[in-house]
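Have a look at the structure below before the remarks.
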Amino acid sequence: MPFSWNDLLWGLAAPLLTAAGLRLVLVWIVGQFASTDRHDPDSQETSPEVKPQATSLETSLSLVVGAAVGYFMLQLGPWIPDAHYEWLPIGIAAAVLVAAVVGQLGNSVLIRFCVLPLVYAAVLAGVGYLLMPTWEDLSPPYLPYLLCWCVGATVVSVATELSPESHRWPFAVVWLGTCLAVAAIVAISESLRFAQVAGLTFSAVLGLTFVGLILRRSLVGGVGLTLTTYLAGILLIAHVNSWSDVPIVSYWLPMAGPLLAAVLGMLLSQKIPSVLRATLVILAAAVPSTIAVVLAFLATLPE
C-alpha cells in the first residue's frame, strides 16, 4: 500500500518535531530546577564520546509523546483498550513513568543493580500479561511464550539501561536501525497498521537524536525500558496476529541487536580507536536485525 502525504506528515514529521520540541522544553525545565544534576560525578566519563547524560524523563517522555501524536493523527488505534493488542499504549505509558521515577532515584549501586532490574522486570511482566492472548492454539504455548518474552524483554531493557554504551552516539544508530528493522518485519508479516505504529518510533528517536546533537548531550540515553517495551511489544502483537509465513525467529532477532551492542560496549577496551569501537557496536546490532529481515522476506516469497 503506497504511503500518502498524510502518512509522511503525521507518521514522520509530526513525531520527529514533537519529540524534539518536547525534549528541548524538558531539558530547559530540568536545567532550571535541577541544575546540580549536570555535575553528578557518576555521569562523567573519561571518553570524549560520552556526552552529559540525559534523564529518562526527557528522552522517554519525549519519545512517547512524539509517537502518540502520530498514533492519534493517523488514527492507528483506540485509546481505551479492548482487545489484547490495544493494551500496548498503556504498557508504554507505565514504562515511561517507571523509567522516570527510577531515573530520579540516583545512580547508586543499590538502585542500578537491585531496584532497577526488579522494577523493570515487574513492568514487563505486567505488559506481557496484558499483551499475550490466551488462545488455545497459540504457538508457542501461552506460558513458555509469556515467560520467554518477559525474561528476554527484561534482559534487553536492563542491559541497554546499565551499559555505558547507551550514552554514546553509536547507540542512537543502533536504536534507529532496530526501529526500522522492526517496522520492516511487521510490514512483511502483512500487519501494515502495526508497522505504522512501529515506524513512529524511528521518527521520534530521530527527533531525540537531533536535539541531543544540538545540546551536546547523550543522544538517546534513558530509553532502554520504554523503547524495549514499545518495540518488543509490537513484535509480539504482530507475531500472534499474523497469518504470514514469517518465522518466529524474525520477531525475536531485532531486539537481540541492542542487547549485543550494549554488552559489547561493556566488554570493549576504552583504549581501542573510537571509530573501530563505533563500527563494532553498530555491526553487533545490525547483523541480527539484517538476518531477521532477510529471513522474513525470503519466507514470504511466492513459490
Would you please give the FRET efficiency between residue 303 and residue 113, computed as 1/(1 + (r/R0)^6) with r the Cβ-Cβ distance and R0 = 30 Å, to the nearest 0.05? 0.05
Quick one: Cα centre-to-centre distance for region 128-165 and region 247-303, in angstrom? 19 Å
Candidates 53, 196, 270, ranked by Gaussian network fluctuation over the chain, Cα under 10 Å, top entry: 270
Here the gain from full extension of residue 136 to residue 243, 0.36 nm per residue of separation minus their alpha-carbon distance, amounts to 36.9 nm
Contour excess over end-to-end distance, with Cα ends at residue 275 and residue 83 and 0.36 nm allotted per residue: 64.5 nm
Excluding ligands, DNA and RNA, the carbon-plus-sulfur percentage of the accessible area of region 54-299 with a 1.4 Å probe reads 74 percent
Of the listed peptides 253-260, 66-73, 79-86, what is their order by residue-averaged count of other C-beta atoms within 10 Å, with the highest listed first? 253-260, 66-73, 79-86
With the charge dipole of the chain built from beta-carbon charges (+1 for Lys and Arg, -1 for Asp and Glu) about the Cα centre, the Cα from 264, 33, 249 projecting farthest to the positive end belongs to 33
Dividing the helical contributions, -39500 (n - 2.57) per DSSP H run of n ≥ 4, by the residues of the chain yields a 222 nm value, nearest 500 deg cm²/dmol, of -22000 deg cm²/dmol
For the chain, modelled as a Gaussian network with Cα springs under 10 Å, which listed residue fluctuates most, 145, 230, 251? 145
Protection proxy (average C-beta count within 10 Å per residue), highest first, orders 238-247, 170-179 as 170-179, 238-247
If you roll a 1.4 Å probe over the heavy atoms of the protein chains, what accessible area per residue do you get for region 54-299, in Å²? 41 Å²
Using a Gaussian network model on the chain with a 10 Å cutoff between Cα atoms, which of 128, 106, 152 fluctuates the most? 106
Short version: ³J(HN,Hα) in whole Hz for each residue of region 96-108, in order, from phi by Karplus 6.51 cos²θ - 1.76 cosθ + 1.60 (θ = phi - 60°), x for Gly and Pro, what are they? 4, 4, 5, 4, 5, 5, 4, x, 7, 7, x, 10, 5
Residue among 134, 213, 123 farthest towards the positive dipole end of the chain, charges placed on Cβ: 213
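The values are calculated or read from the model by the stated rules, or taken from the named source; none is laboratory data. Since we're looking at a predicted model, the values are computed, not measured. In this analysis, Cβ positions are derived from the backbone assuming ideal geometry, glycine residues included, and neighbour counts consider all displayed protein chains. Each accessible area value is taken on the protein alone, full model and side chains, heavy atoms only, with ligands, DNA and RNA left out. Shrake-Rupley method; radii C 1.70, N 1.55, O 1.52, S 1.80 Å.
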